[in-house]
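First comes the structure, then the notes that go with it.
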Amino acid sequence: VESNKAQYYLDLVRKRELEQSRADQLPPKVEIFSPKEHAYVNQTEIEISGRAQDDYFVKEIWIDDQPVVIPLAEKEILFREKIRLKPGWNRLTIRAVDLTGKEQRRDWTIFVDRAGPQISFQDIRLVAPGEVEVIGRAIDESGIKSLTLNKRKIPLEQKSSFQIRLQVAPEYKLWFQAEDL
């Protein structure tokens with residue numbers, strides 16, 4: 001009858017056989033499917049998924065100090081775990097350990113950005129009837145993906161500064177939108 005106790009003893013027997021035969025020479029391999037390395041996310045809780053493989057048996061998978069529940073050692077284990085992140089860069093260590101204690105570590109970084117870009121206007125001056133020159137900056141910790149002023153895409157100099165002439169007549173309004181990574 002399959003039970004936790006039976007699975008535990010089966011893994012002990014497999015470990016003893018591998019130690020005696022010295023057949024297990026390679027550490028397990030870890031592959032992360034999602035999120036991508038150096039991903040930018042806007043959630044403090046995400047799901048990390050991947051696969052651990054070994055030439056014989058993977059016994060443990062850890063994401064930082066949190067174990068992934070594995071009832072019985074297998075050659076290949078697919079995993080999917082929710083983890084909590086803090087704002088800014090998060091460095092995770094994912095480890096897979098086989099029955100004989102060999103392990104592989106993968107460091108994975110994810111950026112959590114919960115704040116939108118900041119836009120500052122240094123100068124807005126009328127240069128002609130219905131036309132203004134706008135000088136400013138758009139900044140964000142994760143980087144600026146796009147900036148639009150009065151429905152016109154603005155190229156960013158040095159990744160944050162801009163200087164552009166815009167038609168504002170007849171309303172004389174300045175509309176802007178910025179999107180971060």
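Return the FRET efficiency for the residue pair Ile135, Asn42: r is the Cβ-Cβ distance, R0 is 22 Å, and the value is rounded to the nearest 0.05.
So, using R0 = 22 Å, E works out to roughly 0.15.
Where Lys and Arg each count +1 and Asp and Glu each count -1, what net charge lies around Gln104 among other residues with Cβ under 13 Å from its Cβ? Show your work: numbers first, answer last.
Working: positive: Lys29, Arg51, Lys59, Arg95, Lys102, Arg105, Arg106; negative: Glu31, Asp54, Asp55, Glu60, Asp98, Glu103, Asp107.
Combined, the nearby Lys, Arg, Asp and Glu give 0.
Take the Cα radius of gyration of the stretch 138-181 and divide it by 2.2 N^0.38 Å, with N its residue count; two decimals is plenty.
In units of the globular-protein estimate, the stretch 138-181 measures up at 1.21.
Rounded to whole Å and sorted largest first, list the principal axis extents of the Cα atoms in the chain.
Largest to smallest, the principal-axis extents are 88, 30, 20 Å.
Taking all protein chains as present, what is the carbon and sulfur share of the accessible area of the chain, in % to the nearest whole number, probe 1.4 Å?
Taking all protein chains in place, the chain shows 48 percent carbon and sulfur surface.
In cubic angstrom, how much convex hull volume per residue do the alpha carbon atoms of the stretch 37-82 span? All intermediate terms of the calculation are to be shown ahead of the outcome.
On the way: hull volume 3.8 nm³, N = 46.
So the per-residue Cα hull volume is 82 Å³.
Hey, which lysines would be in cross-link range of Lys15, C-alpha to C-alpha under 22 Å, not counting anything within fewer than 8 residues on its own chain?
Lys5, Lys29, Lys59, Lys75, Lys102
With +1 on the Cβ of every Lys and Arg and -1 on the Cβ of every Asp and Glu, and nothing else charged, how large is the dipole of the stretch 99-181 about its Cα centre, in debye rounded to the nearest 20?
I would put it at about 200 debye.
Can you tell me the length gained on complete extension of the stretch Val69 to Glu19, counting 0.36 nm per residue apart and subtracting the Cα distance?
Once the chain is fully extended between Val69 and Glu19, it gains 15.6 nm.
Just add up the charged neighbours of Arg51: K/R +1, D/E -1, any other residue whose Cβ is under 13 Å from the Cβ of Arg51.
Once all neighbours under 13 Å are counted, the net charge is -1.
Return, for the Cα atoms of the stretch 38-134, the radius of gyration and Dmax in Å, separated by a comma.
When restricted to Cα atoms, the stretch 38-134 yields Rg and Dmax of 22.8, 79 Å.
Quick one: putting +1 on the C-beta of Lys and Arg, -1 on the C-beta of Asp and Glu, what dipole do you get for the stretch 66-133 around its Cα centre, in Debye to the nearest 20?
Dipole about the Cα centre, nearest 20: 460 debye.
Ranked from the most accessible area to the least, with a 1.4 Å probe and all protein chains present, what is the order of Tyr172, Tyr56? It would help to have the intermediate numbers written out before the result.
Working: Tyr172 125, Tyr56 70 Å².
Putting Tyr172, Tyr56 in descending order of accessible area: Tyr172, Tyr56.
Run the helix sum for the chain: -39,500 (n - 2.57) per DSSP H stretch of 4+ residues, divided by residue count, reported at 222 nm to the nearest 500 deg cm²/dmol.
Helix contribution divided over all residues of the chain: -3500 deg cm²/dmol.
Let me spell out the model: positive unit charges on the Cβ of Lys and Arg, negative unit charges on the Cβ of Asp and Glu, origin at the Cα centre of the chain. What dipole size does that give, in debye rounded to 20?
Values: 29 positive and 30 negative charges, 63 e Å.
So the dipole magnitude of the chain works out to roughly 300 debye.
On average, how much accessible surface per residue is there in the chain, in Å², for a 1.4 Å probe, leaving out ligands, DNA and RNA?
Working: 11730 Å² over 181 residues.
Accessible area per residue, the chain: 65 Å².
Between Ser120 and Phe176, what is 0.36 nm times their sequence separation minus the Cα-Cα distance? Round to one decimal in nm.
Separation in residues times 0.36 nm, less the Cα-Cα distance, equals 19.1 nm.
If you keep only loop residues by DSSP, which GluC sites (Glu not before Pro) in the stretch 13-95 have at most 12 other Cβ atoms within 10 Å of their Cβ?
Answer by residue number: Glu37.
Once Lys and Arg get +1 and Asp and Glu get -1 on their Cβ, which of Tyr40, Ile83, Ala128 lies farthest toward the positive end of the dipole of the stretch 1-140?
After comparing all options, I get Ile83.
Expressed as an acute angle from 0 to 90° and rounded to the nearest 10, what is the orientation of the C-alpha long axis of helix 4-21 relative to the principal long axis of the chain?
Between the helix axis and the principal axis of the chain, the angle is about 80 degrees.
The values are calculated or read from the model by the stated rules, or taken from the named source; none is laboratory data. Keep in mind it's a predicted model, so treat the numbers as computed, not measured. Neighbour counts run over all protein chains shown; Cβ positions are idealised from the backbone, glycine included. Ligands, DNA and RNA are stripped out before the accessible areas are found, and what is left, the full protein with its side chains, is counted by its heavy atoms. Shrake-Rupley method; radii C 1.70, N 1.55, O 1.52, S 1.80 Å.
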